[in-house]
Amino acid sequence: MVSEMAGEKDIREKLGLVHVYTGNGKGKTTAALGLALRAMGNDLEVAMVQFMKCDQYYGEYQISKQLPHLTLLPMGRDCLVHEDKVSQADIDAAAAALAKSKELLHSCKYDMVILDEINVSIRFGLVSVEDVVRMLKERPPRVEVVLTGRYAPPEIVELADLVTEMKCLKHPYTKGVPARAGIER
C-alpha cells in the first residue's frame, strides 16, 4: 500500500505533529477519523481514546472491529456529562482514559493517537491541562497526536502544530433534528 517513492520507514520518520480540531461546529471527531483512515491506508497503526463516549451509541466503535490497524477505546461513561454536574465517576473515567492515553503514546505500537473529546474533558475539570501538556511533551518523538473537542485551551493551541476551528453556521439541531445514527453518532 505504501508508495514506492516513500517507504514505510520514511513515512514514520516524518511523524510527530500535534493536531487540534476544536470549535462549536460539527466535524471534529469526523475529521480525526478521516485522518485515521488516511493513516491506516498507509499501514500506520492508530489508537483512539474516547474520553466522553461509550461503546453503545457511536458507529465508529462498530466499524473499528473490522479495521485491523485501528484500536478504538471508548472510555467515557454511558451518560452525558454536564459541566455543572461533574461526578466522581466522571473524573475517575477521565483519569483512566488519560492513563490509557499515556500508555498508548509510549507503547511504541501506535503511529497516531487520537484523544477524542479531551478538550471538553479539560474544560469540565475532568483532567488538568497541565497533565495533558506534560503528556504531549513527554511522548516519543514520532507519534502523531490528534486532540478533539470544543474549548481547546490556549496552552493546547500554543503547543499544537495544526489547529482547525470548526465553526457552526447552520445545524439541523436548531430545527429539532436530533443526533442521527450513522451521521452524528
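Rule-based calculations on the coordinates, nothing more; no lab input. Quick caveat, the model's predicted, so the values are computed rather than measured. Ideal geometry is used to build each Cβ from the backbone, glycine not excepted, and the neighbour counts take in all protein chains shown.
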Completion exercise
Note to self, the chain gives a 222 nm [θ] from helices alone (DSSP H runs n ≥ 4, -39500 (n - 2.57) apiece, / all residues, nearest 500) of -10500 deg cm²/dmol
Fill in the blank from the handout: Listed by chain and number, the residues whose amide H is under 5 Å from that of M48, excluding neighbours fewer than 5 places away on the same chain and using placed H, are T71, L72, L73, I114
Practice task
Based on a Kirkwood Rh over C-alpha pairs, give the Stokes-Einstein translational diffusion coefficient of the chain at 10 °C and viscosity 1.306 mPa s in µm²/s.
Solution key: 94 µm²/s
Handout entry: Relative packing of 89-100, 133-144, 19-30, which averages over residues the other C-beta atoms within 10 Å, highest first
Key = 19-30, 89-100, 133-144
Completion exercise
Among beta bridges assigned by DSSP with both residues in the chain, the antiparallel ones amount in percent, to the nearest 5, to 0 percent
Practice task
Considering Cα pairs under 8 angstrom that are at least six residues apart, work out the relative contact order of the chain and quote it in whole percent.
Solution key: 35 percent
Fill in the blank from the handout: Once the mean of 1/r over all distinct C-alpha pairs in the stretch 48-151 is inverted, the Kirkwood radius in Å reads 13.9 Å
Handout entry: Helix axis angle, 28-41 relative to the chain longest principal axis, alpha carbon, degrees
Key = 20 degrees
Problem - Crossing angle, helix 129-138 versus the chain [Cα axis fit, 0-90 degrees, rounded to tens] - result: 10 degrees
Handout entry: Distance violations [Cα-Cα > 25 Å] among K53/K102; K14/K167; K100/K170; K65/K175
Key = K14/K167; K100/K170; K65/K175
Completion exercise
For the chain, longest principal axis from Cα atoms; helix 88-106 axis from its Cα atoms; angle between them, nearest 10 degrees, is 10 degrees
Exercise for the section: Run down the aspartates and glutamates and flag those whose C-alpha is under 14 Å from the C-alpha of K109, throwing out any fewer than 8 positions away in its chain. Expected result: D43, E45, E144
Practice task
Could you pull out every residue, at least 5 positions away or on a different chain, whose amide H is within less than 5 Å of the one on V20? Hs are placed 1.01 Å off N in the peptide plane, and Pro or chain starts have none.
Solution key: L147, L162, V163, T164
Completion exercise
HN-Hα couplings for the stretch 151-159 via Karplus (6.51, -1.76, 1.60; θ = phi - 60°), in whole Hz with x for Gly/Pro, come out as 6, 4, x, x, 5, 6, 4, 5, 6
